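The values are calculated or read from the model by the stated rules, or taken from the named source; none is laboratory data. Worth saying up front: this structure is predicted, and the values here are computed from it rather than measured. Because the Cβ atoms are built from the backbone with ideal geometry, glycine has one as well, and the counts that use them run over all protein chains shown. The area values use the complete protein model at the heavy-atom level, side chains included, leaving out ligands, DNA and RNA. Shrake-Rupley method; radii C 1.70, N 1.55, O 1.52, S 1.80 Å.
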Amino acid sequence: MSSIKEYLTQDHSRCDGYFATMEENASKSLSDAKESYEEFAKATERHFQMEERVMFVEFETKTGMTEGPTAMMRHEHAQMRSLIKQMGEALEADNKDKFFGLSETLMILMQQHNMKEEQMLYTMAQQHLSAEAPRVVDMMESMIVE
């Protein structure tokens, strides 16, 4: 069983792969990117929900920290959800400039966000939840996206 940090870091990489495929397809034509956009959006939303509904809750319950790093990560998730939605709208409108402008903004935000999680929050979570890690990872793996 992997640690919380390993599990979520691997999932970041999985989402990054979907993002790269989407951008590669969009560079050919936006209509070619619709399926890969949906895969990226779905994978990213699942990742956000695994954190928000499982790991963040477990971390906050264990530490009592509810206004710290998890609050900032939730805020950044909201920003990224908005950008992803706007990218989908740009795809539907066949607006390549808008799509790639939003994509670039999202990529920068994701890189910064993932670095904060991987270097700070996941390490803290692993320290506080090491005994619960197998249960937390199982809960994240079996979670149904709302």
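Identify the single condition in (1) among the polar types (S, T, N, Q); (2) modelled with pLDDT under 95; (3) under 23 Å from S103 (Cβ atoms) that T63 does not satisfy, given that it satisfies every other one.
(3)
Limited to the stretch 3-17, what total is found for residues that are part of a helix (DSSP H, G or I) and among the small types (G, A, S)?
The number of residues fulfilling the criteria is 2.
Scan the stretch 30-47 and give yes if some residue there is open to solvent by 70 Å² or more (accessible area, probe 1.4 Å) and within 15 Å of N114 (Cα to Cα), otherwise no.
The initial filter retains those residues of the stretch 30-47 that are open to solvent by 70 Å² or more (accessible area, probe 1.4 Å), namely 31-32, 34-35, 38-39, 42.
Filter once more, so that each one left must be within 15 Å of N114 (Cα to Cα): none.
The answer is no, given that none of the residues of the stretch 30-47 is open to solvent by 70 Å² or more (accessible area, probe 1.4 Å) and within 15 Å of N114 (Cα to Cα).
Could you say whether any residue in the stretch 25-36 is part of a helix (DSSP H, G or I), in contact (Cβ under 8 Å) with a residue 24 or more places away in the chain, under 24 Å from A133 (Cβ atoms) and of a type outside the set (D, E, K, R)? Steps first, answer last, please.
Initially, the stretch 25-36 is screened for residues part of a helix (DSSP H, G or I), giving 25-28, 30-36.
Keeping just the survivors that are in contact (Cβ under 8 Å) with a residue 24 or more places away in the chain gives 26, 30-31, 33-34.
In the following step, the residues that additionally are under 24 Å from A133 (Cβ atoms) were identified as none.
Scanning the stretch 25-36, I find no residue that is part of a helix (DSSP H, G or I), in contact (Cβ under 8 Å) with a residue 24 or more places away in the chain, under 24 Å from A133 (Cβ atoms) and of a type outside the set (D, E, K, R), so the answer is no.
Please indicate, with yes or no, whether at least one residue in the stretch 25-37 is under 16 Å from L102 (Cα atoms) and touching a Gly at 6+ places or on another chain (Cβ under 7 Å).
Yes - at least one qualifying residue is present in the stretch 25-37.
When you go through L109, L91 one by one, which is the residue that is buried (at least 17 other Cβ atoms within 10 Å of the Cβ) and of a type outside the set (K, R)? I'd like the intermediate steps shown before the answer.
Numbers: L109 fails: buried (at least 17 other Cβ atoms within 10 Å of the Cβ).
Just one listed residue meets the conditions, L91.
Here is a check on your reading of the model: is K96 open to solvent by 50 Å² or more (accessible area, probe 1.4 Å) and under 18 Å from K5 (Cα atoms)? Before you say what the answer is, go through the steps one by one.
Numbers: open to solvent by 50 Å² or more (accessible area, probe 1.4 Å): yes; under 18 Å from K5 (Cα atoms): no.
In short, no.
Just a yes or no: is a residue in the stretch 122-133 under 20 Å from D11 (Cα atoms), surrounded by fewer than 13 Cβ atoms within 10 Å (Cβ to Cβ) and either aliphatic (A, V, I, L, M) or modelled with pLDDT of 95 or more (or both)?
no
Give the stretch 52-78 a look and list any residue that's surrounded by 14 or more Cβ atoms within 10 Å (Cβ to Cβ) and either of a type in the set (V, I, T) or within 22 Å of A20 (Cα to Cα) (or both), or say none.
V54, V57, T63, T70, E76, H77
Pick from the stretch 2-29 the residues that are polar (S, T, N, Q) and surrounded by 14 or more Cβ atoms within 10 Å (Cβ to Cβ): which of them is nearest to the chain's Cα centre (by Cα)?
Restricting attention to the stretch 2-29, the residues satisfying the condition of being polar (S, T, N, Q) are 2-3, 9-10, 13, 21, 25, 27, 29.
Pick out the ones that are also surrounded by 14 or more Cβ atoms within 10 Å (Cβ to Cβ) and you get 3, 9, 21, 25.
Working: S3: 18, T9: 10, T21: 16, N25: 20 Å.
Selected residue: T9.
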